[in-house]
Structures are given as structure tokens and as C-alpha cells.
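Working notes, beginning with the structure itself.
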Amino acid sequence: MRRLVLAVCFVALFAGCGTFVGDSPPPSDERAVAAVEEANSTVAAVEAYRFGMDMHVTASDGEQSRTVRVDGEGAVNVSEKRMQATTRTQDQTVESYVDGYKAYQGCQEPWDGYGVENVSRSEPWATATPLHRQVLLFERSNVYWRGNETLDGNRTVLVTASPSAETIESLMNRRQAGDMALNRGSLENATARLWLDPETNQPVKSELRLKISQRGATATAIITLRYTDFDEPTKISVPPEVYDDPYELGCPGTS
């Protein structure tokens, strides 16, 4: 069940999901397509931003259940190709960094140090970061206009998406997701929402909900990401110890 929880966490955080159950989803709304295109153009020009994250995952196999809560924050500097993220659970805090085309993640006990993996060069570097990956998911999916919505006292535009399992899988790192096969039998239900600032076309918030089943176990996740400080001065420093003999191919026990 631990592998299932980790798979759900990874899909929710780095891929995002939309609704697809049964038959193919209906065609996109033209107004939603235009909103996503405008957001994509805006995000493509972003040089830096910060994000906050909150996630709640619950898994059950009928006899046992497990709940994982994760919160964190991070910063991205696209021009310098650097990202930093801090994630916290009940018993640990993990620091992660991306420097160029290398990604470093702090290893869990009993291991010390960092694991290192390559960042794909097949797409622009920024698509490995949370905001750009969310927008990319909407760009590759059927999308729907939901109108204006007030968020924290401000007017926003709400768009939802309905990607296929293949689209979600294309945005995942297969090694980190384990042997989780994202097909219609494993990903039972999912929804995604993206709030946009109507004046700037910048994403303000995304919320993802999904349910995955595997070998008799089920897991559900709700994750919220908020995006702030677009193009504000964002200096990301990587501690020297991150580069000190890191574990190749990631932390032990995660392959």
C-alpha cells in the first residue's frame, strides 16, 4: 500500500489530473481553450515564481488505512534553471533542488545525503516545474469554462480539464511513480481546476482530486497549489553538501 500512496502523491503533485470515467470526455469549450492558450503564453514568459502546496492522501485496502498529509513551498528561477522546494510530513522535512538538468532530493532516514537524477532535455527545462507542468496538462487536454469565481476576495476565471490517462502518464517520471500503470482500471476518478487572474492571465491556484486503485487497495488525494511572486527577484542557493557524493539514480529504496 505504501507504493500506492507514493504513486498517488507523485501523480497529484507533478502531473495533475482531470475527469475521465467511462466514455471519452466532451469536446473543449472554445472560451476555455482561449483562456488556457493565453495562460500558456503568459507562463512561457515567466522568469521566476514561488509556490505553496498542501496535499492530503488517504489509502485503504479494506483492512488497513493510511493517511498522509504534506505541505510545503518552493521557488523557481527559470532563467537560472534552478528550483528549490521544501515538503513536510508529520515526521520529516525534505529539501529538494534542481540545478540545471540535475534534480537532487534529500534522502529519508536511515540514509543521509541526497539522491540525484537527470532532468529530461526533451522538453523546455521549465516544464519540469509545478506551474508549467500544470498548464501543460491543461494545454494537452479537453478543457471547460466555468466562469468567474471569487478567490480570497479577488475575481478569478475558473477552467477545468479532462485529460486522458495517456496524457497524465506522459507527464510522470516513471521511476518515481514505481510500477503504477495509469489506465482506466487504475485511475478511477479525477478532477482538476485552474484559477486564472483575468487581468494578467497568470494562474493563481490549482486544485487536484484523484482516486487510484491497485491490487484491491484504493487511494484518494486532494492537492492544492498556489502561485505567487511572478517575476519578483528570486535567488535560489543550493547548499554545497547537496553535491557531496550524491546517490546516483535517486535515494536508496525509491527505485
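Coordinate-derived values only; no laboratory data. Fair warning: this is a prediction, and the values are worked out from it, not measured in the lab. Positions of Cβ are generated from backbone atoms using ideal geometry, with glycine treated the same way; all protein chains shown enter the neighbour counts.
Details
- Counting all C-alpha pairs of region 53-119, share separated by more than 17 Å (%): 54 percent
- Near residue 158: Cβ cut-off under 14 Å, other residues only, Lys/Arg at +1 and Asp/Glu at -1. The net charge is 0.
- Linear extension gain, residue 152 paired with residue 88, 0.36 nm per residue minus alpha-carbon span: 20.6 nm
- Put simply, the amide H of residue 202, placed in the peptide plane, has neighbours under 5 Å in 197, leaving out anything fewer than 5 places away on its chain.
- Estimated D of region 111-155 in µm² per second, where Rh is the Kirkwood radius over Cα pairs and Stokes-Einstein applies at 37 °C, 0.692 mPa s: 232 µm²/s
- Sum of side-chain charges, residue 143 neighbourhood, beta-carbon under 14 Å (Lys, Arg +1; Asp, Glu -1): -1
- Using the Cβ-Cβ distance between residue 238 and residue 45 with R0 set to 22 Å, the FRET efficiency from 1/(1 + (r/R0)^6) comes to roughly 0.30.
- Residue 216 sits among other residues whose Cβ lies under 12 Å from its own Cβ, and their net charge, with Lys and Arg +1 and Asp and Glu -1, is -1.
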